[in-house]
C-alpha cells in the first residue's frame, strides 16, 4: 500500500510586503517561479499557509507609535516593566478582556476571541516606528486570498493564515491557524471505532492548527519565507472557519 | 534558490503492538518494506515520530481495570459524571496535582510535569479491560528507540514520541512531543535580527511539538499508522529532551 505522504515547502521570493501590496499576486509569482522536483499532479489541491504578518501588512494593519497616546494604566504598567507605554496602549486596545497582566506579561482576549500574549501586537518585522496588528477578520482575509489564489494558480486551493502563539504549561511558541478557507479546521473522529471496535469519544483533531505548525517548520522567523505550500493532505473537501477553533468561553476552564 | 522541503509519510504495516513487542524491530521492518517514490539520499537524517500509545503498550504500561480498587473520591466523582470509577482512580494515581476537576473533566499535572486531561490515561486502542498509561520516562523511551533504530536503519535518526493533548482557549487536540532524542526541541531565535535589523525578543519555537503536529497529519486515530517519517528537516544536530518543553511552574501563569 502506498504510504500517505505530505510535502511542505517554503516559498522563496516574496518581496517585502507593505500596505497595499497585492499579496495574492506576489504569492502567485513566487509559486510559479519556484522550481519543484517531482511535483505531484498540477491539478491536485494545495494548502497555502500564509504568515499573519504579511497578511496584516498588506491590509495596512500598522499602527504608527508616534500617533499613540498611552493611557494612565499603560504608562504605569510600562514604567514598572520597562516597556514602551505606546505599545502597551496598543495591546490594551486590542483586548476585549485582560486574562493575565503580571510579571511583565500581558495576555488578553482579543475582539476576535483569541487568547494570546500582547493581543497579537508585534514589533518584529514591522517597519520602524510601527507595530503590526492581527487582521481585522482573519477568516475574511483567508477567503479573499483563496479566491484570488485559486483563480491565479488554476487549481483548488485552501488557505490557512497562521501566527505563532505561546501556550500555558509548555514552553515555546507554535504556529496556529487564525484564518481558514477551503478546509475544515477539524477532523472529527467521534463516532469512529478504534482497532478494538470501541467508539472514540473526545477525538476532535485540530488539523488546521497542525497544518499551521507543520508549515512553520519551513518558514522560520528571520528567513523571509512567509508562505508554505502543503501538498498531499487529504480532507480538503469540507468547509469551516478559523473562528471554529476558538473554544467557547463557557467550555473553557482557563479563562 | 531551492525551496526548503519537508516530506512526511505514514508508515504502514506495523502490526498490533503488545507488551513485549520489539517496537524498534517492527518499525525497521515497516520502514524497509515501504516503497517510497523519489526518496532523498538514504544517508540523510530522518525523524521518526512514534505515537505514545504503541511505545506505552510495548513497554507494558497497561493497567488491568479489574485489579483497580477505586478510592472514595474516585467513586464519588465517577457517580456524579457517569464515569468508570476504576478509570478515575487510575487517572488520580497519575497526578502529582489536580489542576482542574469540574464539569466531568479531570486535568492533572502528571509526575512527569505534563498538564493534560486524564493524566494521559487512555482507553482507546487499548486491549479490552485495560487502559494505557504514558511511558514512565518518555525521553528514556525515545533514546532507547533511537539507538536501536539508528543501528537497524544505518542512518542518523532522531525520535519524537508524540501524544495528542487538548489545550485551553482553543478547541480540538493537537499532537505534542513527550519524549525527544537526537534533536533540540526548540529553535532559539533570540539574538537573531528581523528584516529591519531589530533583535528578536521572545522567539523560542517549539519545533519538536510542531514536528509531532505535522506527523499527526498522516497518522490519524483509527488508521493504524502509529509512526511517521519526516525527511528534510534541518536542525537535527543539536540535542535536547522532551522534558525541556515543560514550562517551569514558576513561569506558568495558568497552574
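Every number in this text was worked out from the coordinates using simple rules, so none of it is lab data. Since the structure is predicted, the reported quantities are computational estimates derived from the model, not experimental observations. All Cβ positions, glycine included, derive from the backbone under ideal geometry; neighbour counts span all protein chains shown.
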Directionally averaged shadow of the stretch B:149-255, computed from the convex hull of its alpha-carbon atoms, nm² = 9.2 nm²
task = Report, in cubic angstrom per residue, the convex hull volume of the C-alpha atoms of chain B.
result = 148 Å³
Most mobile of A:215, A:24, A:78 in a GNM of chain A (Cα contacts under 10 Å) = A:78
task = Under 15 Å from a label point 7 Å along Cα→Cβ of residue A:105: give me every residue in the stretch A:146-168 with its amide N that close.
result = A:165-168
ask   = Peptide B:107-114: average number of partner chain Cβ atoms within 10 Å per residue?
value = 1
task = With a/c under 1.5 counting as rounded, go ahead and sort the stretch A:61-157 into rounded, prolate or oblate using the C-alpha gyration tensor (a ≥ b ≥ c being the square roots of the eigenvalues; past the cut-off, prolate if a/b is larger than b/c, else oblate).
result = prolate
inquiry  = What does the C-alpha gyration tensor say about the overall shape of the stretch B:147-199? Classify as rounded when a/c is under 1.5, otherwise prolate if a/b is larger than b/c, or oblate.
reply    = oblate
query = Say we join alpha carbon atoms closer than 10 Å with springs in a Gaussian network model of chain A; which of A:203, A:110, A:174 then has the biggest fluctuation?
reply = A:203
request  = Note down the relative contact order for chain A as a percent, whole number, built from C-alpha pairs under 8 angstrom at least six residues apart.
outcome  = 26 percent
Value of relative contact order over the stretch B:8-83, rounded to a whole percent, pairs C-alpha under 8 Å and six or more apart = 37 percent
key: Counting DSSP beta bridges with both ends in the protein assembly as shown, the antiparallel % (nearest 5)   = 85 percent
remark   = Inter-copy distances for residue A:234, label 7 Å out on the Cα-Cβ vector, sorted ascending, nm, one decimal, are 3.3
inquiry  = 7 Å along Cα→Cβ for the label point: how many nanometres lie between residue B:25 and each equivalent label in the other copies, listed shortest first?
reply    = 6.3
task = Using a Gaussian network model of chain B whose springs link C-alpha atoms within less than 10 Å, name the residue from B:14, B:47, B:161 with the highest mean-square fluctuation.
result = B:14
Cα gyration tensor shape of the stretch B:1-112, rounded if a/c is under 1.5, else prolate or oblate by comparing a/b with b/c = prolate
ask   = If R0 is 30 Å, what FRET efficiency do you get for residue B:79 and residue A:204 from their C-beta distance, rounded to 0.05?
value = 0.65
Acute angle (nearest 10 degrees) that the helix A:138-153 long axis makes with the longest principal axis of chain A, alpha-carbon atoms = 40 degrees
key: Volume per residue of the C-alpha convex hull in the protein assembly as shown, rounded to whole Å³   = 142 Å³
inquiry  = Going 7 Å from Cα along the Cα-Cβ axis for the label, what nanometre distances separate residue B:12 from the same residue across the other copies?
reply    = 3.5
